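Scroll down for the structure; my scribbles are underneath it.
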Amino acid sequence: MIPQGKGMYLWQIKRVAGGDPNRIARMSANARLTHVLIKVADGKYSYNITDGVDKVPATVAALRTYGIQPWGWQYVYGSDPVAEAKKAIERVKQFNLPGFVVNAEGQFKAQGMYKAAKAYMKELRKGLPNLPIALSTYKYPTLHKDFPFLAFLDYCNFSMPQVYWIELTNPAEQLVRSVSEYRSLKPNQPIVPTGSAFWLGDWSATAQQVTEFLNKARQMNLPGANFWEMATSIERGELWRTIRDYKWGTSDAPQTVGSTGDQPEILRRYLDALNTGDPSKPTVLYEKNVSTHTYDGETRQGRTAIYAWYYNFLKKLLPAGRFKVTSYSQSGDTVKFSWGANSTAGSVRRGKDTIVLSSENPRQINKHTTEFTIGDPKAMDSDAMEEERPKAGPIPV
């Protein structure tokens with residue numbers, strides 16, 4: 001079966017979510033990934049062994065719990081092709097993987113490596129006669145004529161070209177060319193390209209480029225698209241969030257604009273927490289140690305510091321406060337909203353906040369910026385508490 005929809009390469013398990021298989025699986029499910037490609041072998045050696053513990057079986061099991069296909073991949077060198085193929089076969093059978101990706105690159109451009117590629121693929125196919133297998137390598141075959149593409153592709157079911165637009169800004173154009181060149185090699189072979197979700201030196205892919213790449217893949221009716229790779233995309237948060245929020249086959253990253261009747265879950269929970277008057281209630285909505293809260297140019301990090309801010313906010317600045325969201329807009333994991341409040345000590349007429357949700361747990365807040373001015377008590381009358389109607393069209397975030 002050719003993978004459909006969004007996929008992500010997982011290189012080093014220990015670098016993602018602290019190496020916790022369940023967190024990796026939850027994040028993948030939240031991102032609506034259909035498949036995760038795990039490095040299971042490097043040459044003739046098993047891979048993702050940390051402190052003597054094989055991290056692959058638990059990760060495979062956790063992904064399956066969430067209905068995500070756990071594919072395997074191997075970087076091959078061709079120095080001992082039969083041994084490398086046997087290691088791949090061993091790992092695929094060990095975890096009963098539904099598919100496998102062969103990652104072959106510069107080593108196979110050396111003289112005489114066509115035979116090594118052929119030997120590797122023949123052995124791989126002998127051991128895995130019915131398994132879907134893909135080749136992951138250079139995006140433009142015409143620029144790498146010394147690479148034995150057909151020695152690999154003749155044994156593969158489909159291609160996964162690495163369409164990395166390093167130092168460039170034209171992912172859609174590169175994808176079109178890559179697909180065209182691969183179809184010239186194997187006209188009827190499906191293509192599931194891999195895009196950039198990483199940085200290199202001073203260069204980084206951008207969220208806009210990721211969206212452009214996905215839009216073009218959909219427009220070309222490709223079965224799916226992958227990204228390299230999970231750890232770096234999460235570290236560069238906007239890349240992971242863009243991939244996560246992109247709805248393959250339906251629409252671009254969702255954006256909603258509304259008043260108070262259909263608020264995002266986080267706003268309903270936040271409002272309920274504020275109206276208890278208990279500073280611990282809003283505090284627990286934030287990620288434990290990494291979340292930040294910014295007010296009046298001062299940023300606090302972690303729940304302890306955030307709790308201290310809410311204690312002052314709810315007990316001294318706006319004691320016995322009643323809070324109301326008057327309008328909001330949402331784009332992906334970013335929610336912007338206006339709010340007002342009345343209290344025994346003062347009132348807020350036009351609070352303006354921005355919340356960015358956690359990439360690991362979209363029910364928690366990663367970043368929060370708030371702006372407000374406190375006026376006289378009861379200055380917020382019933383008219384001020386009326387909902388602000390958003391303007392027509394999208395609100396930029």
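The values are calculated or read from the model by the stated rules, or taken from the named source; none is laboratory data. This structure is a prediction, so every number in the text was calculated from the model and none was measured. Using ideal geometry, Cβ is built from the backbone for each residue, glycine included, and neighbour counts are taken over all protein chains shown.
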Only one of 322, 350, 269 that is within 27 Å of residue 239 (Cα to Cα) and surrounded by fewer than 19 Cβ atoms within 10 Å (Cβ to Cβ): 269
Hey, among the residues in segment 321-374 that are in contact with a helix residue (DSSP H, G or I) (Cβ under 8 Å, 6 or more places away or on another chain) and among the charged types (D, E, K, R), which one's modelled with the lowest pLDDT? 360
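Based on this model, can you work out whether residue 115 counts as among the charged types (D, E, K, R), modelled with pLDDT under 95, over 30 Å from residue 235 (Cα atoms) and assigned by TED's automatic domain parsing to the domain that holds residue 41? Talk me through it step by step, then tell me what you get.
Numbers: among the charged types (D, E, K, R): yes; modelled with pLDDT under 95: no; over 30 Å from residue 235 (Cα atoms): yes; assigned by TED's automatic domain parsing to the domain that holds residue 41: yes.
It is false that residue 115 is among the charged types (D, E, K, R), modelled with pLDDT under 95, over 30 Å from residue 235 (Cα atoms) and assigned by TED's automatic domain parsing to the domain that holds residue 41.
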Checked against (1) closer than 27 Å to residue 240 by Cβ; (2) among the aliphatic types (A, V, I, L, M); (3) in a strand (DSSP E or B), residue 341 satisfies every condition except (1)
Suppose the filter is within 16 Å of the chain's Cα centre (by Cα), surrounded by 15 or more Cβ atoms within 10 Å (Cβ to Cβ) and either in a loop (DSSP other than H, G, I, E, B) or not hydroxyl-bearing (Ser, Thr, Tyr) (or both); does residue 41 pass it? no
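Given 167, 173, 123, 181, which one is charged (D, E, K, R), under 30 Å from the mean Cα position of the chain (by Cα) and closer than 26 Å to residue 81 by Cβ?
Details: 167 fails: closer than 26 Å to residue 81 by Cβ; 173 fails: closer than 26 Å to residue 81 by Cβ; 123 fails: under 30 Å from the mean Cα position of the chain (by Cα).
Matching residue, one of 167, 173, 123, 181: 181.
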Hey, can you tell me all the residues within segment 1-28 that are under 16 Å from residue 40 (Cα atoms), among the β-branched types (Val, Ile, Thr) and not in a helix (DSSP H, G or I)? 16
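Looking at the structure I just gave you, is residue 52 closer than 23 Å to residue 159 by Cα and either modelled with pLDDT of 95 or more or touching a Ser or Thr at 6+ places or on another chain (Cβ under 8 Å) (or both)? Spell out how you get there, then give the answer.
Values: closer than 23 Å to residue 159 by Cα: no; either modelled with pLDDT of 95 or more or touching a Ser or Thr at 6+ places or on another chain (Cβ under 8 Å) (or both): yes.
So residue 52 does not fit the description; no.
Among the candidates 142, 169, single out the residue that is assigned to a loop (DSSP other than H, G, I, E, B), polar (S, T, N, Q) and in contact (Cβ under 8 Å) with a residue 12 or more places away in the chain.
One residue alone meets the criteria, 169.
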Any idea how many residues of segment 149-198 are crowded, with 18+ Cβ neighbours inside 10 Å, touching a helix residue (DSSP H, G or I) at 6+ places or on another chain (Cβ under 8 Å) and of a type in the set (S, T, N, Q)? 2
Would you check if there is a residue in segment 231-242 being of a type outside the set (Gly, Ala, Ser), at pLDDT below 95, part of a strand (DSSP E or B) and out of contact with any His (no Cβ under 7 Å at 6 or more places or on another chain)? no
Taking segment 86-112 as the region of interest, how many residues are loosely packed, with under 15 Cβ neighbours inside 10 Å and of a type in the set (Gly, Ala, Ser)? 3
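Within segment 222-246, count every residue that is within 25 Å of residue 177 (Cβ to Cβ) and of a type in the set (D, E, K, R). Lay out the reasoning, then the answer.
First, the residues of segment 222-246 that are within 25 Å of residue 177 (Cβ to Cβ): 222-229, 232-233, 239, 242-243, 246.
Cutting the leftovers down to of a type in the set (D, E, K, R) gives us 229.
Matching residues across segment 222-246 total 1.
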Within segment 50-60, does at least one residue satisfy the condition of being more than 19 Å from residue 98 (Cα to Cα), hydrophobic (A, V, I, L, M, F, W, C), part of a helix (DSSP H, G or I) and in contact (Cβ under 8 Å) with a residue 24 or more places away in the chain? no
Give just the number: which of (1) farther than 24 Å from residue 127 by Cβ; (2) in contact with a Gly (Cβ under 7 Å, 6 or more places away or on another chain); (3) among the charged types (D, E, K, R) does residue 91 not satisfy? (1)
Among the residues of segment 61-87, the number that are assigned to a helix (DSSP H, G or I), among the hydrophobic types (A, V, I, L, M, F, W, C) and within 27 Å of the chain's Cα centre (by Cα) is 3
